[in-house]
Every structure is written in C-alpha cells, then in structure tokens.
1. Among what's in the range 1-42 and is within 24 Å of Val134 (Cβ to Cβ) and surrounded by fewer than 15 Cβ atoms within 10 Å (Cβ to Cβ), pick the residue that is modelled with the lowest pLDDT.
2. In the range 1-50, what residues are in contact (Cβ under 8 Å) with a residue 24 or more places away in the chain, more than 20 Å from Cys79 (Cβ to Cβ) and among the β-branched types (Val, Ile, Thr)?
3. (1) at pLDDT below 90; (2) over 13 Å from the mean Cα position of the chain (by Cα); (3) crowded, with 16+ Cβ neighbours inside 10 Å: which one isn't true of Trp70, the others all being true?
4. Can we say Ser159 is at pLDDT 85 or above, of a type in the set (Gly, Ala, Ser) and loosely packed, with under 13 Cβ neighbours inside 10 Å?
5. Using the structure shown, decide if Leu138 is modelled with pLDDT of 90 or more, within 28 Å of Tyr30 (Cβ to Cβ) and not basic (Lys, Arg).
Amino acid sequence: MVAIDTIKAAQAGDREALLTLLREIEPHVYKTAYYMLNNEQDALDVSQEALIRIYTKINSYEEKAQFKTWVQRIVTNICIDKFRRAKPSVSIDEHEMVFRADHNVEDEVLSAYVAKDIQAAIDRLPEHHRSVVVLRYLQDFSYNEIAETLGLPINTVKSYLFRARHQLQGMLQDYQKGGVRG
C-alpha cells in the first residue's frame, strides 16, 4: 500500500510526501466509507473527515500497527460515529447499465439485482457485523487486521463474521423467495 519512507517523510514535515500519502490512501478510505454507509454523499463526507484527521494526526501513527490498519481504524470509527448520530438511509440511486452486444442482457440484469440484494442485506446488518464484513470481504483484511482495526479480540471478530454470514444467508434466501428488500 504505502511505503514506510513516505510515511516517515510525512511525519518529518515533508508536505509533498504527506500529499502523496493522502492521494494514495484516498480510494481505500472512500471504498470503506461507501461500503459501510451505502451512500455516496455520506461516504465523501466521511472520506474528507478521515483524510483531514490523518493529515492532522500523522505524527501519532506508530509503526506498532500497519499503516493501512491505522487508516482503516480512523475511517471505521468515523463511520460508526455517523451511525450513532443517525440511522443510515438506503440509497435509491439507480445505476445506469450499459449493454454491449457481447453480453447477455438477462445475465447483466440478474447480476445487478444480485448486487443490490447483497448490498441491501449488508445494510441491514447490525453496525458491528457490517464493519467486520466490509473489512473482511470488501477490503480483504485478515482476521488479525480486523481485530486490530476495531480493537476487538480475534475470537470476537470470528464470531461476528460467523453470525453476519448466517444473517446474510438468511436475508438473501428471503430475497430469492421474493421477501422484503431493504
């Protein structure tokens, strides 16, 4: 992800290194915020707040933790604070689909519905389960990285993931049967 030399230069006051660092992590910060909040505007707000916090707190980063874990902890905590202030709203934005001759339209439509069902199911998870699902499956964090990011014991992370998978499976089966969405 980010070179340790760039981090050290940023901590030493090298403004260009700090800007390079922020540009490099920005897509990861946004991706986490978007998957946790499922709202583009909220994700942009949280990303901006997280980048500002990273900018102002770069000197508090210690090499005890991986840099990406430290960054994800900041983003996740801001998202959780946002959850506590207000329940997240379900995005009703429709995404434009582009059909090409070499793709099966039926498969494209089915894939879009499945993706929406998965996102709707993730949105319905309790915030602590949603956090571990986003970090594990959308950000490819290891169990140890999730535990470190969220400040949880590793067995709690495993338990949350187990329960979240079980809940998601049940919700997705309901969706297949034509049950409640969102």
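1. Of everything passing the filter in the range 1-42, Met1 is modelled with the lowest pLDDT.
2. Val2, Ile4, Ile7
3. Against the list (1) at pLDDT below 90; (2) over 13 Å from the mean Cα position of the chain (by Cα); (3) crowded, with 16+ Cβ neighbours inside 10 Å, Trp70 comes up short only on (1).
4. Details: at pLDDT 85 or above: yes; of a type in the set (Gly, Ala, Ser): yes; loosely packed, with under 13 Cβ neighbours inside 10 Å: no.
Spelling it out, it is not the case that Ser159 is at pLDDT 85 or above, of a type in the set (Gly, Ala, Ser) and loosely packed, with under 13 Cβ neighbours inside 10 Å.
5. Values: modelled with pLDDT of 90 or more: no; within 28 Å of Tyr30 (Cβ to Cβ): yes; not basic (Lys, Arg): yes.
Against the criterion (modelled with pLDDT of 90 or more, within 28 Å of Tyr30 (Cβ to Cβ) and not basic (Lys, Arg)), Leu138 does not qualify.
The values are calculated or read from the model by the stated rules, or taken from the named source; none is laboratory data. Computed from a prediction, not measured in an experiment: that's the story for all the values here. All Cβ positions, even for glycine, are placed from backbone atoms using ideal geometry, and neighbour counts span all protein chains on display.
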